[in-house]
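Undergrad: Below are the structure tokens for one structure; questions will follow.
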Number of protein chains: 2
Amino acid sequence: MPRPHVVIIGGGFAGLYAAQALAEAPARVTIVDRRNHHLFQPLLYQVATAVLSPADIAQPIRSLLRGQPNLEVELADVTAIDLANRRVVLADGQIAYDYLILAAGVSHAYFGHDEWRPLAPGLKSLEDALDIRRRILLAFERAERETDPARRQALMTFVVVGGGPTGVELAGAIAEIAHHSLAKDFDRIDPTTARVILVEAGPRLLVTFPEKLSQAALDDLRRLSVETRLGAAVTGIEPGIVHIENDAIAAETVLWAAGVAASPLSKTMGVELDRAGRVIVERTLSVPGHPEVFVAGDLAALTIRRGQPLPGTAPVAIQEGRRAAQNVIHAIAGLPPLPFVYRDRGNLATIGRNSAVADIRGLKLTGFVAWLAWAVVHIFNLIGFHNRFLVAFQWVWGYLTFKRGARLITNEVDAETKLIE
Amino acid sequence: MPRPHVVIIGGGFAGLYAAQALAEAPARVTIVDRRNHHLFQPLLYQVATAVLSPADIAQPIRSLLRGQPNLEVELADVTAIDLANRRVVLADGQIAYDYLILAAGVSHAYFGHDEWRPLAPGLKSLEDALDIRRRILLAFERAERETDPARRQALMTFVVVGGGPTGVELAGAIAEIAHHSLAKDFDRIDPTTARVILVEAGPRLLVTFPEKLSQAALDDLRRLSVETRLGAAVTGIEPGIVHIENDAIAAETVLWAAGVAASPLSKTMGVELDRAGRVIVERTLSVPGHPEVFVAGDLAALTIRRGQPLPGTAPVAIQEGRRAAQNVIHAIAGLPPLPFVYRDRGNLATIGRNSAVADIRGLKLTGFVAWLAWAVVHIFNLIGFHNRFLVAFQWVWGYLTFKRGARLITNEVDAETKLIE
């Protein structure tokens, strides 16, 4: 009997850890991703804010899984999943599976306003991060050359939409760029007069954290001169203008860190989805009626604690990926699947230099201690000595010099071409 | 009397060192570049071949010149130079000058075949380097998924046109990627069977080096399985096919490292140019008839030794930039200009791991010793502790592990969009 074929879609945290957990399984494994690299998403905002280079937080999937003889890596674009015929449909072919682990992730939701997407980019891929880096750095360059004071102020106004970890991290980092990294580099503008506005529709920042820590984050952002607007929704975005409730703010740079929209693959499956398009799974992570199909990571909608859905974080994705893989091994062996149990090791978010919040099994940390914990946890969780060392060095260097090591504006030409188009 | 205004066009080696040499000058200085960063071009091929990240070899011009109160940096696109009215024309304005240092550099020449440009990209900017990196890495990924043996071989065939330092370095590095970095990462293809073909129209490689070293480079490339075709001209390039003399080679990746084409700015000046469009300058680097205008770096055509034009290297550009700045200072002080004297400190090119050639004042080195000299000289000449440290670490790491730290395929989506367009 040929060994069963396990297909994993997505090389993020869930897919990668599922693949690794299948190293000894009596199966052929294929992992499919559109990109050749696994991305350490928790540090992606540092690429967007000119601290790190893309290669510091990304590694080739092939290289990470090199030691697994039962595994193949496919660089391909998955367009649909055909549950009835147990096939994954690619842009240029198809792959039959016996077991499927779907870990295709999510992107940002614009709440029915997809026309805002080009005006307010989100942060999910390395390309997004480089695009945001270019926008931030170019805004200051354009302000330097702008003679109209109102236009100049609009160029130096940055609006970040969404008060979750990514929004808080981006807002804090942009404020630091303005106040420290660029402060002395311009002649006609004073970068320290830049406005950074963080908009959150809910009543507080970092809603997955205890309230005390939300308040600490708010205080830290205020210290960095970030203006935070809570309970305020973005009602419109036009080129150069953001409407927040009844207020029109002239801002050339708007960044989107709100909402969750599932990978469009989930819609091709014909199964029950939640409002964001995530697949509603059993406690075993399998799709109801399809015990051979598991969903792991951000794309899985699983509610286990007091009606609260699990957060879309790396630890959840890693643990789900591993459990999905174990359940595939169980199924091959004819054993019943195990339910997913989330082991909450803590929750961290950074605001800026010496400033973070941490909720570690009820222990609430703020300020320098939380920031140090954040740094250590992230270095520790990066994969590979090379990346750990490069990131650690650049953090220490940036901490001592206040400089940003990746202050590059690239692809300007393309950006301009796009404007012309 | 207001202080004279010195405008420098270009933030490469010539422009940057000219700006630094004007730090104490009794003048206002403006340096204009389309890009926000100075690029350490001698290591650009290492970005193209996945060793280094863009930020490792680039730094913001503003940051490098931060300490000069008499200097402004303009991120702008220069479209023409109006010698008669002493103005630099920008895409969105103009700048009047009293003295001009033109250091706009050169790009590759396709010898009247500009239609080859999109099929065989050159290596001048960070964008070029990332484009080449993507092409090289994607070629192996596509080969892995290709079932037709002929198409697969074409995907694993790389042609590098031009046997100067850049061509030799690219060919050697691609061979190393195939033989070491990727060797064990694929299932259906064997990357070590990739063909790398280096084409040079002249009779030998590295024509600015002594013949003995050209031969050593040829031997080292052969050891890396690079096929070198000397005295062979590219006569045609179509998608997937390169014509070399009467031979048609099926190759999906063609890289261009031949010829010199001056910045189009030189044509707007109405002065005498050489065949490549470079400005023919006086021994003082000034433009004949315009003692207030100097040209430095690759864009200056200056023949000083036995009828041989000066090579387009970083040391020549740095020394010319400084001399042009000194001559501006002389002119302001009413002193006569000084002729340019090139101090030749040596010539280095690397072929691969443990392999380089060096010609240092008649001392000819090859192999490991030359390679070590090459590495030390390049680390030493990088600007800034941050970059030196990052590059040195990544070289040591890559040397020990045979891995490439920046093996990322980015912007695939754009690349595909372009194909569709």
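The values are calculated or read from the model by the stated rules, or taken from the named source; none is laboratory data. Everything numeric in this text was worked out from a predicted model, so none of it was measured. Note that we place each Cβ from the backbone using ideal geometry, even for glycine, and neighbour counts take in every protein chain shown. Ligands, DNA and RNA are stripped out before the accessible areas are found, and what is left, the full protein with its side chains, is counted by its heavy atoms. Shrake-Rupley method; radii C 1.70, N 1.55, O 1.52, S 1.80 Å.
Undergrad: Work the Kirkwood hydrodynamic radius out for chain A: mean of 1/r over every pair of different alpha-carbon atoms, inverted, in Å. Can you show the working numbers first?
TA: Numbers: mean 1/r = 0.0444 Å⁻¹.
Answer for chain A: a Kirkwood hydrodynamic radius of 22.5 Å.
Undergrad: Looking at chain B, send over the antiparallel percent of its DSSP beta bridges, to the nearest 5. If you can, show how the numbers build up before the last one.
TA: Details: 35 of 69 bridges.
The antiparallel proportion sits near 50 percent.
Undergrad: Compute the accessible area of each residue in segment A:361-409 twice, once for its chain alone and once with every protein chain present, using a 1.4 Å probe on heavy atoms, and list those whose area falls by at least 10 Å².
TA: At a threshold of 10 Å² (probe 1.4 Å), the residues of segment A:361-409 that become less exposed are A:Phe385, A:His386, A:Phe389, A:Leu390, A:Phe393, A:Gln394, A:Trp397, A:Lys403, A:Gly405, A:Arg407, A:Leu408, A:Ile409.
Undergrad: Same structure, new question: What is the minimum Cβ-to-axis distance for chain B, in whole Å, where the axis maps B onto A, and to which residue does it belong?
TA: Closest to the rotation axis on chain B: B:Ser53, 2.
Undergrad: What does the helix-only formula give at 222 nm for chain A: each DSSP H stretch with n ≥ 4 adding -39500 (n - 2.57), the total divided by the residues, and the result rounded to the nearest 500 deg cm²/dmol?
TA: Working: 11 runs with 130 residues, N = 421.
Only helices count here, giving -9500 deg cm²/dmol.
Undergrad: Please give the net charge around B:Trp397, taking every other residue with its beta carbon less than 11 angstrom from that of B:Trp397, where Lys and Arg add +1 and Asp and Glu add -1.
TA: On the way: positive: B:Lys403, B:Arg404; negative: none.
The answer is +2.
Undergrad: Please work out, to two decimal places, the log10 of the ratio I(q)/I(0) at q = 0.09, 0.10, 0.11 Å⁻¹ from a Debye calculation in which every Cα of the protein assembly as shown carries one identical scatterer.
TA: Log-scaled intensity ratios, in q order: -0.95, -1.16, -1.36.
Undergrad: Also, quick follow-up: Tell me, what % of the accessible area of segment B:66-150 is carbon and sulfur with a 1.4 angstrom probe? Intermediate values should be presented prior to the final figure.
TA: Numbers: 1750 of 3520 Å².
Result for segment B:66-150: 50 percent of the exposed heavy-atom area is carbon or sulfur.
Undergrad: Please find, in a Gaussian network model of chain B (springs between Cα atoms separated by less than 10 Å), the residue of B:Val287, B:Val254, B:Val279 whose mean-square fluctuation is greatest.
TA: Between B:Val287, B:Val254, B:Val279, it is B:Val287 that shows the largest mean-square fluctuation.
Undergrad: Select from A:Ala331, A:Ala91, A:Ala392 the residue whose mean-square fluctuation is largest in a Gaussian network model of chain A (Cα-Cα springs shorter than 10 Å).
TA: Result: A:Ala91 has the largest fluctuation of those listed.
Undergrad: Right, here's the next one. Which percent of the accessible area of segment B:288-394 is formed by carbon and sulfur heavy atoms (probe 1.4 angstrom)? List each step's numbers first, then the result.
TA: Working: 3000 of 4930 Å².
Summing carbon and sulfur atoms, their accessible area is 61 percent of the total for segment B:288-394.
Undergrad: Treating the point 7 Å from Cα along Cα-beta-carbon as the label, what are the nm separations from A:Gly240 to the other copies, to one decimal?
TA: In ascending order, 4.8 nm.
Undergrad: Next question. Does any residue of segment A:187-220 lose at least 40 Å² of accessible area with all protein chains in place compared with its chain alone, and if so which ones (probe 1.4 Å)?
TA: A:Asp187, A:Arg188
Undergrad: Roughly speaking, what is the stretch gain from A:Ser225 to A:Val341, that is 0.36 nm per residue apart minus the C-alpha to C-alpha distance, in nm to one decimal? Could the numbers behind the result be given before it?
TA: Numbers: separation 116, 0.36 × 116 = 41.76 nm, distance 4.08 nm.
My answer for the length gained is 37.7 nm.
Undergrad: Rounded to the nearest 10 degrees, what's the angle between the helix A:314-332 long axis and the longest principal axis of chain A, both from Cα atoms, 0 to 90?
TA: Taking the Cα atoms of chain A, the angle to A:314-332 is about 10 degrees.
Undergrad: Counting only other residues whose beta carbon sits under 14 Å from that of A:Val287, what net charge do I get with K and R as +1, D and E as -1? Could the numbers behind the result be given before it?
TA: On the way: positive: A:Arg86, A:Lys267, A:Arg278, A:Arg283; negative: A:Asp82, A:Glu272, A:Asp274, A:Glu282, A:Glu292, A:Glu320.
In short, -2.
Undergrad: Another one. Using protein heavy atoms only (no ligands, DNA or RNA), what is the total accessible area buried between B and A, 1.4 Å probe, nearest 100 Å²? Can you show the working numbers first?
TA: On the way: alone 19800 and 19810 Å², together 34700 Å².
Heavy-atom accessible area buried at this interface is about 4900 Å².
Undergrad: Compute the helix-to-body angle for A:385-401: its Cα long axis versus the longest principal axis of chain A, expressed 0 to 90° and rounded to tens.
TA: Roughly 10 degrees between the two axes.
Undergrad: Per residue, how much accessible area does chain B show when a 1.4 Å probe rolls over the protein heavy atoms, in square angstrom?
TA: On the way: 17340 Å² over 421 residues.
Result: 41 Å² of accessible area for each residue.
Undergrad: Which one of A:Glu211, A:Glu282, A:Glu176 has the biggest mean-square fluctuation once chain A is modelled by GNM with Cα springs under 10 Å?
TA: Answer for the Gaussian network model of chain A: A:Glu211.
Undergrad: I would also like to ask the following. For the pairs A:Lys403/B:Lys403; A:Lys212/A:Lys364; A:Lys124/B:Lys403, flag any whose C-alpha to C-alpha distance is greater than 18 Å.
TA: Values: A:Lys403/B:Lys403 29 Å; A:Lys212/A:Lys364 8 Å; A:Lys124/B:Lys403 26 Å.
Table pairs above 18 Å Cα-Cα are A:Lys403/B:Lys403; A:Lys124/B:Lys403.
Undergrad: Using a 1.4 Å probe on the protein chains only, how many percent of the accessible area of segment A:193-243 belongs to carbon and sulfur?
TA: Numbers: 1260 of 2360 Å².
Whole-percent figure for carbon plus sulfur exposure: 53.
Undergrad: A follow-up question, please. Grab the alpha carbons of segment A:199-347, take their convex hull, and tell me the volume per residue in Å³. Please list the in-between numbers first.
TA: Working: hull volume 22.0 nm³, N = 149.
Hull volume over Cα atoms, normalised by residue count, gives 148 Å³.
Undergrad: For B:Ile360, what is the net charge nearby, where nearby means another residue's Cβ is under 13 Å from its Cβ and Lys, Arg count +1, Asp, Glu -1?
TA: Details: positive: B:Arg343, B:Arg345, B:Arg361, B:Lys364; negative: B:Asp344, B:Asp359.
Around B:Ile360, the surrounding residues sum to +2.
Undergrad: In addition: In segment A:47-82, what residues drop by 30 Å² or more in accessible surface going from the chain by itself to the full protein assembly, probe 1.4 Å?
TA: Buried-area filter returns A:Ser53, A:Ala55, A:Pro60, A:Arg62, A:Ser63, A:Arg66, A:Glu72, A:Glu74, A:Leu75.
Undergrad: A further question follows. Cα axis of helix A:367-381 to longest principal axis of chain A: angle in degrees, 0 to 90, nearest 10?
TA: The two axes meet at around 40 degrees.
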